[in-house]
Amino acid sequence: MTVSIISLMFAAVISDNIVLSQYQGICPFLGVSKKISSAAGMGFAVIFVMAISSVFTYLLYNYVLVPLEVGYLYTMAFILVIASLVQITEMIVKRFSPTLYSALGVYLPLITTNCAILGTAKALVVPQIYNFVYTFAISVATGVGFLFAIVLLACVRLKTDRADIPKCFKGFPITLITAAIMAMAFAGFSGILAG
């Protein structure tokens with residue numbers, strides 16, 4: 001059990017990264033990665049929301065929706081849970097870190113509709129493959145993978161903003177090229193734990 005949970009967590013962070021492999025959560029990934037501090041803040045907010053939402057969505061799906069035979073309502077129920085958690089996160093960030101709150105701007109409320117959060121909840125909870133511990137561990141690792149990817153992109157963007165590159169590549173084009181190269185590099189880790 002321990003080996004498989006560690007390998008699943010490694011896959012969620014590196015080889016099956018939610019952003020660079022599954023292409024979910026691209027909007028905040030590209031929008032908030034201009035500065036390392038705001039990228040890290042967004043990453044930690046995603047980890048928090050993803051971890052807590054996995055707990056609530058697991059319990060809601062397995063102990064309310066399925067017993068009542070209304071499992072088909074999971075999307076609406078999951079969005080309500082995630083939206084509530086994002087509102088709580090937004091209030092906490094606004095209260096304790098106004099600078100980070102203003103740096104994240106519109107992207108913090110967008111966690112509500114972040115397909116990475118909803119996609120992770122759906123992929124882990126609905127098929128009922130994993131138990132509660134696996135669901136929680138993989139969702140935390142998925143959030144850590146998001147944090148890792150967004151901070152890595154922010155570090156590279158710091159360098160590319162100062163680099164002497166052709167004018168047509170400055171700004172968003174070089175960011176997309178960087179993200180594509182990162183995705184190819186992360187894809188190189190797929191299959192590393194097989195065997």
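The values are calculated or read from the model by the stated rules, or taken from the named source; none is laboratory data. In this text the structure is predicted, and so the values were computed from the model without any measurement. Here the Cβ is made from the backbone with ideal geometry for all residues, glycine too, and neighbour counts use every protein chain on show. Only protein heavy atoms, including side chains, enter the accessible area calculation; ligands, DNA and RNA are left aside. Shrake-Rupley method; radii C 1.70, N 1.55, O 1.52, S 1.80 Å.
Among the listed residues V140, V151, V133, which satisfies the condition of being at pLDDT 90 or above, open to solvent by 30 Å² or more (accessible area, probe 1.4 Å) and closer than 12 Å to V46 by Cα? Let's see the steps before the verdict.
Numbers: V151 fails: closer than 12 Å to V46 by Cα; V133 fails: closer than 12 Å to V46 by Cα.
Testing whether each residue is at pLDDT 90 or above, open to solvent by 30 Å² or more (accessible area, probe 1.4 Å) and closer than 12 Å to V46 by Cα leaves just V140.
Looking at this structure, is L118 farther than 20 Å from A40 by Cβ and out of contact with any Cys (no Cβ under 7 Å at 6 or more places or on another chain)?
Values: farther than 20 Å from A40 by Cβ: yes; out of contact with any Cys (no Cβ under 7 Å at 6 or more places or on another chain): yes.
So L118 passes the test.
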>> Could you list, ordered by first residue, the pairs with Cβ atoms under 7 Å in which the first is in region 162-173 and part of a loop (DSSP other than H, G, I, E, B) and the second is open to solvent by less than 70 Å² (accessible area, probe 1.4 Å), at least 6 apart or interchain?
In response: I165/I174
> In region 110-147, what residues are over 20 Å from I88 (Cα atoms), in contact (Cβ under 8 Å) with a residue 24 or more places away in the chain and outside any helix (DSSP H, G or I)?
Replying inline: V126, Q128
> So which of S38, S7 ends up being touching a residue at least 60 places away in the same chain (Cβ under 8 Å), part of a helix (DSSP H, G or I) and surrounded by fewer than 18 Cβ atoms within 10 Å (Cβ to Cβ)?
Replying inline: S7
>> The conditions are (1) more than 19 Å from the chain's Cα centre (by Cα); (2) crowded, with 17+ Cβ neighbours inside 10 Å; (3) hydrophobic (A, V, I, L, M, F, W, C); (4) at pLDDT below 90, and L100 fails exactly one of them. Which is it?
In response: (1)
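So which residues in region 67-78 are open to solvent by 30 Å² or more (accessible area, probe 1.4 Å), assigned to a helix (DSSP H, G or I) and either among the charged types (D, E, K, R) or in contact with a Leu (Cβ under 7 Å, 6 or more places away or on another chain) (or both), if there are any at all? Outline the logic, then answer.
The first filter runs over region 67-78 and keeps only residues open to solvent by 30 Å² or more (accessible area, probe 1.4 Å), leaving 67-70, 72-76.
With the extra rule that they be assigned to a helix (DSSP H, G or I), the set shrinks to 72-76.
Within region 67-78, L73, Y74 qualify.
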